[in-house]
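Worksheet for the structure shown next.
Every number in this text was worked out from the coordinates using simple rules, so none of it is lab data. This structure is a prediction, so every number in the text was calculated from the model and none was measured. When we count neighbours, we look across all protein chains shown, and the Cβ atoms used for this are built from the backbone with ideal geometry, even at glycine.
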Amino acid sequence: MSAGSRLDRPSLGWNGLRLLTLLVYIFMFAPIIVVVLLAFNSARTGSFPMEGFSLQWFGKLFENDSIIDAFQTSLVLAASSSLLATALGVMAAIALIRYSFKGKAIINNLLSLPLLMPEVVLGVALLMFLKFLHQPRSFLLLLLGHTVLSLPYVVLVVQARLVGLRQHYEEAAMSLGANRFQTFVDVTLPLISPAIVGGFLFAATLSFDNITATLFWKKPGIETVPTKIFAMLRTSISPEINALGAVMIVITILLPLIGGYVVRRLSRGR
């Protein structure tokens with residue numbers, strides 16, 4: 001075997017890997033690009049080639065009262081569940097990293113269960129538990145479920161920040177006369193604020209685009225944006241669905257990008 005043929009084999013392997021990676025990315029993102037493009041199609045039928053560029057479907061989208069109500073429900077639900085998950089997650093992360101107590105490992109594992117458990121199983125389990133308690137489906141159940149889903153992500157993000165944060169800063173503040181609450185407010189909270197903001201935006205994104213568990217927990221008459229899209233797809237595929245899907249894609253992409261930018265700015269400031 002010549003030296004040239006031996007050198008060609010690695011290059012062929014890398015080229016094949018690059019081609020495979022490109023095909024995977026095309027398979028993943030081509031449907032998203034198609035949805036966004038069809039949202040601007042002037043024709044009522046979603047087909048290529050596009051007949052023209054138009055914003056009419058976005059106009060009709062925001063004239064639809066049921067879609068506006070779904071947006072309001074999704075925004076309120078995402079903001080409420082994210083605030084609750086962030087508050088509980090910060091306290092849990094501090095307790096698990098800074099303190100030692102009985103059952104710490106068990107609590108840590110329980111907090112990680114929603115990450116490992118499929119959303120369908122979690123949705124059915126919580127629904128059956130509330131049926132056992134004779135509690136009807138309501139917005140409060142939806143809020144509780146989304147908080148449970150988001151909580152582990154907030155805990156993990158804040159824990160990662162606390163692990164990399166030296167405890168000397170807190171000990172120095174307490175040695176100068178500050179109590180635990182003052183130390184948390186004046187020292188710990190500013191230092192972990194990037195992780196808190198990142199965890200909140202992460203939780204908001206998860207809540208805003210969740211559909212699997214939401215279908216089990218919402219009561220009739222309450223619709224979020226993902227469940228509204230699902231309900232519209234049952235009847236017909238209209239251009240309004242493409243416009244609504246494009247708006248959802250933009251929001252879902254922008255939230256993590258904004259979160260990353262804010263976290264970087266806060267981290268530099270600290």
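Of the complete DSSP H runs in the chain, those spanning 15 angstrom or more by Cα along the long axis with a mean Kyte-Doolittle score not below 0.0 are 3-38, 65-98, 104-116, 119-132, 139-163, 189-208, 225-235, 239-269.
Find the Cα radius of gyration of the chain, compare it with 2.2 N^0.38 Å by division, and give the number to two decimals.
Values: Rg = 23.9 Å, N = 270, 2.2 N^0.38 = 18.5 Å.
Compactness ratio reported: 1.29.
Shown for I33, I97: other C-beta atoms within 10 Å of each C-beta, ranked fewest to most, produce the order I33, I97.
The label point for I97 and the one for L12, both projected 7 Å from the Cα toward the Cβ, are 5.0 nm apart. Taken over the chain, lysine pairs spaced eight or more positions apart, or on distinct chains, with alpha carbons under 17 Å apart number 5. Each principal axis of the Cα cloud of segment 61-115 was taken in turn, and the coordinate range along them, longest first, works out to 55, 18, 11 Å.
By how many nm would the segment from L19 to N64 grow when fully extended, if each residue of separation counts as 0.36 nm and the alpha-carbon distance is taken off?
On the way: separation 45, 0.36 × 45 = 16.20 nm, distance 4.36 nm.
Length gained, L19 through N64: 11.8 nm.
In summary, the convex hull built on the alpha carbon positions of segment 153-270 has an orientation-averaged projected area of 9.8 nm². Simple rule: put +1 on each Lys or Arg Cβ and -1 on each Asp or Glu Cβ in segment 57-269, find the dipole, and look at T86, T147, A160; the Cα lying farthest toward the positive end is A160. One compactness figure for segment 35-162 is 1.51, namely its Cα radius of gyration divided by 2.2 N^0.38 Å. Computed from label points 7 Å out along Cα-Cβ, the spacing between A125 and M174 is 3.5 nm. Local charge for A95 was computed over the other residues whose Cβ lies under 15 Å away, with Lys and Arg +1 and Asp and Glu -1, and equals +4.
Please work out how much length the chain gains when fully extended from D186 to T212, using 0.36 nm per residue of separation minus the C-alpha to C-alpha distance, in nm with one decimal. All intermediate terms of the calculation are to be shown ahead of the outcome.
Numbers: separation 26, 0.36 × 26 = 9.36 nm, distance 4.05 nm.
Here the answer is 5.3 nm.
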